[in-house]
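I have placed the structure first, in the form of structure tokens, so that the comments after it can refer back to it.
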Amino acid sequence: MDFDLFVIGGGSAGVRCARIAAGHGARVGIAEERFWGGTCVNIGCVPKKLLVQAGEYGAWADDAAGFGWSIRKGPHDWNKLIAAKDREITRLEGIYRKLLNGAGATVFDARAVFVDAHTLDVGGKRVTAERIVIATGGHPVRPNIPGAELGIISDDAFYLKAMPKTVAIVGSGYIAVEFAGIFQALGAQVHLVYRQPLPLRGFDQDLREGLAEALGHQGVSLHPGCHPAKVEAHDKKRILTFGEGQSLQVDLVFFATGRRASTANLGLESAGVTVNRTGAVIVDSHLRTAQPHIYAMGDVTDRVNLTPVATAEGHALADTLFGKNPRGISLANVPSAVFSTPPISTVGLSEDQAAELGPVDVYVTRFTPMRHTLSGRQRRTLIKLVVDQATQKVVGAHMLGEDAPEIIQGVAIAVVMGATKADFDRTIGIHPTAAEEFVTLRTRTRVAGVAKAAE
Ligand SMILES: Cc1cc2nc3c(=O)[nH]c(=O)nc-3n(C[C@H](O)[C@H](O)[C@H](O)COP(=O)(O)OP(=O)(O)OC[C@H]3O[C@@H](n4cnc5c(N)ncnc54)[C@H](O)[C@@H]3O)c2cc1C
């Protein structure tokens, strides 16, 4: 065999797995067909957050007046921002490639597809490997409606030639609400068109309601309960029709309507690897596919589609196979963030999820953060704890408000450790912060869920 391990895909999962395995002394090959670092570095987390940060400066310039500053806000230069973002992404992509070379992996800038269960075609070259990892990630999908090709997907949003003046974003998942915040903050009029009554299906109800309110305060026009029907071109404009014949004329239609695992034309059938009905590779708890020497990880398995999960899986598998340290990772209590304006962050169960399991004590507080008592900006912070009544363990911690992701990362350690409400209560706060509310929530807001009948 040419390699002990061959990794298909140089994204978060693949690069980490290849680098660590090579560091353990394995003969490793890795193929990437498009860009090293994958989605996160090139068209995901990193450039997205840079755009969010770009938007924040505009709001701060407005807010400063309340603190005595007279800052005259000039126009925003989209092309300058995109050029700066591109320079940073190019730098990061170079680092990823360097890390792989430094670890001793053999790097292929090519597409890899299965020929059989141990053989790959890598850019026209046959290579064989003892073990193979599928880490090909996912891609955005447009809805199946007439004119869908006239709209963009998130991949395109990072390379727009100009900032649109009006945008209709279709969808209400995290990518949709993040880009609604970005475009609105950079000066566009944004419409968010979605089927659900509230954005962010699957998140805690209080966060969803709080976010809808915050989007409204930011100036985003919300169109809940609307099903997009078609898109038409009218000169350079786009007309999005939805609901009962309602339509919007905008410069840009942006479909943030979901993602699919990238498994098409990979030759999985020739390798005996099975996929589910959406095309995601089916794996067991050890990341093994239907072929025990072929593994899959990250977004291509469509479980918890986040970069830190992908990298943790890649690292754990490399340690298990080549580092004499067999281990897995837990997908329970994975903290996550939505970089909306303001952001959301969450760890553990939502109130509804927890209430399904038994009675929970719910603590919620909403307040105007100190900064906005002077800035005058209409912005509220929401902090919430969900506590299992029987054990008093904090099973969910949620926040909508500035710095939420930075704060919840720390709170997540306590939740993963199984901290109780009493542990939170005996922790002294840091004053004056928003985060101190997590340790000063004394009055229960409500009880949710019902006791399960004794079996
Ligand atoms: C707009 C957006 C924002 C996001 N924001 C966040 C965030 O804030 N936080 C967060 O944690 N996650 C975020 N994510 C999700 C995150 O990007 C993914 O979870 C992560 O990139 C998954 O890593 P991966 O290695 O599984 O796949 P990917 O990063 O997608 O990497 C897969 C790689 O495989 C390559 N490839 C595919 N097929 C082949 C083949 N046959 N041969 C060779 N190469 C191939 C692809 O070109 C790609 O580079 C975001 C995603 C998007 C789209």
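The values are calculated or read from the model by the stated rules, or taken from the named source; none is laboratory data. Small disclaimer: the values here were computed from a predicted structure and weren't measured. Neighbour counts run over all protein chains shown; Cβ positions are idealised from the backbone, glycine included.
Of all residues in the stretch 193-207, those that are surrounded by 21 or more Cβ atoms within 10 Å (Cβ to Cβ) and touching a Pro at 6+ places or on another chain (Cβ under 7 Å) total 2. The criterion of being closer than 30 Å to residue 282 by Cβ and in a strand (DSSP E or B) does not hold for residue 169.
Among the listed residues 170, 133, 177, which satisfies the condition of being under 19 Å from residue 342 (Cα atoms) and either buried (at least 19 other Cβ atoms within 10 Å of the Cβ) or out of contact with any Lys or Arg (no Cβ under 9 Å at 6 or more places or on another chain) (or both)? The match here is 177.
The set of residues in the stretch 144-157 being assigned to a loop (DSSP other than H, G, I, E, B), surrounded by 16 or more Cβ atoms within 10 Å (Cβ to Cβ) and more than 13 Å from the ligand (Cβ to nearest atom) consists of 145, 147, 151.
Among the residues of the stretch 4-45, those identified as more than 7 Å from the ligand (Cβ to nearest atom), in a helix (DSSP H, G or I) and of a type in the set (A, V, I, L, M, F, W, C) are 15, 17, 18, 20, 21, 22, 41.
Can we say residue 78 is over 29 Å from residue 162 (Cβ atoms), more than 15 Å from the ligand (Cβ to nearest atom) and not charged (D, E, K, R)? No: the conditions fail for residue 78. Scanning the stretch 317-343 for residues that are within 14 Å of the ligand (Cβ to nearest atom) and either among the small types (Gly, Ala, Ser) or under 28 Å from residue 135 (Cα atoms) (or both) gives 317, 318, 329, 331, 334, 335, 336, 337, 338, 339, 340. The residues of the stretch 28-64 that are crowded, with 18+ Cβ neighbours inside 10 Å and over 25 Å from the mean Cα position of the chain (by Cα), listed by number, are 28, 29, 63.
Out of the residues in the stretch 128-143 meeting the condition of being in a loop (DSSP other than H, G, I, E, B), of a type outside the set (Val, Ile, Thr) and within 16 Å of the ligand (Cβ to nearest atom), tell me which one is nearest to residue 115 (Cα to Cα).
135
For residue 91, indicate whether it is crowded, with 18+ Cβ neighbours inside 10 Å and modelled with pLDDT of 95 or more. So residue 91 fails the test.
Taking residue 110 and the conditions (1) within 16 Å of the ligand (Cβ to nearest atom); (2) surrounded by fewer than 17 Cβ atoms within 10 Å (Cβ to Cβ); (3) farther than 27 Å from residue 321 by Cβ, which numbered condition does it fall short on, given that it satisfies the others? It fails just one condition, (3).
Quick check, is residue 339 crowded, with 18+ Cβ neighbours inside 10 Å, farther than 30 Å from residue 5 by Cα and not basic (Lys, Arg)? Spelling it out, residue 339 is indeed crowded, with 18+ Cβ neighbours inside 10 Å, farther than 30 Å from residue 5 by Cα and not basic (Lys, Arg).
Considering every residue within the stretch 56-74, establish whether at least one is closer than 30 Å to residue 323 by Cβ and without any contact (Cβ under 8 Å) to a residue 24 or more places away in the chain. It would help to see each step written out before you state the result.
Quick first cut of the stretch 56-74, residues closer than 30 Å to residue 323 by Cβ only: none.
Looking for residues that are closer than 30 Å to residue 323 by Cβ and without any contact (Cβ under 8 Å) to a residue 24 or more places away in the chain, one finds none in the stretch 56-74, hence no.
Any residue in the stretch 249-268 that's modelled with pLDDT of 95 or more: show its pairings with residues that are aromatic (Phe, Trp, Tyr) and within 12 Å of the ligand (Cβ to nearest atom) at Cβ separation under 8 Å, as long as the two are six or more apart or on different chains. So the pair list comes out as 254/179; 256/179; 266/114; 267/114; 268/114.
The sole residue among 84, 65, 105, 59 that is within 30 Å of residue 294 (Cβ to Cβ) and of a type in the set (A, V, I, L, M) is 105. Against the test of being at negative phi, touching a Ser or Thr at 6+ places or on another chain (Cβ under 6 Å), buried (at least 18 other Cβ atoms within 10 Å of the Cβ) and hydrophobic (A, V, I, L, M, F, W, C), the options 220, 283, 309, 253 yield a single qualifying residue, 283. Count, please, the residues in the stretch 85-127 that happen to be assigned to a helix (DSSP H, G or I), more than 15 Å from residue 10 (Cβ to Cβ) and in contact (Cβ under 8 Å) with a residue 24 or more places away in the chain. Of the residues in the stretch 85-127, 2 are assigned to a helix (DSSP H, G or I), more than 15 Å from residue 10 (Cβ to Cβ) and in contact (Cβ under 8 Å) with a residue 24 or more places away in the chain. Reported count of residues in the stretch 256-309, each being part of a loop (DSSP other than H, G, I, E, B) and of a type in the set (A, V, I, L, M, F, W, C), is 12.
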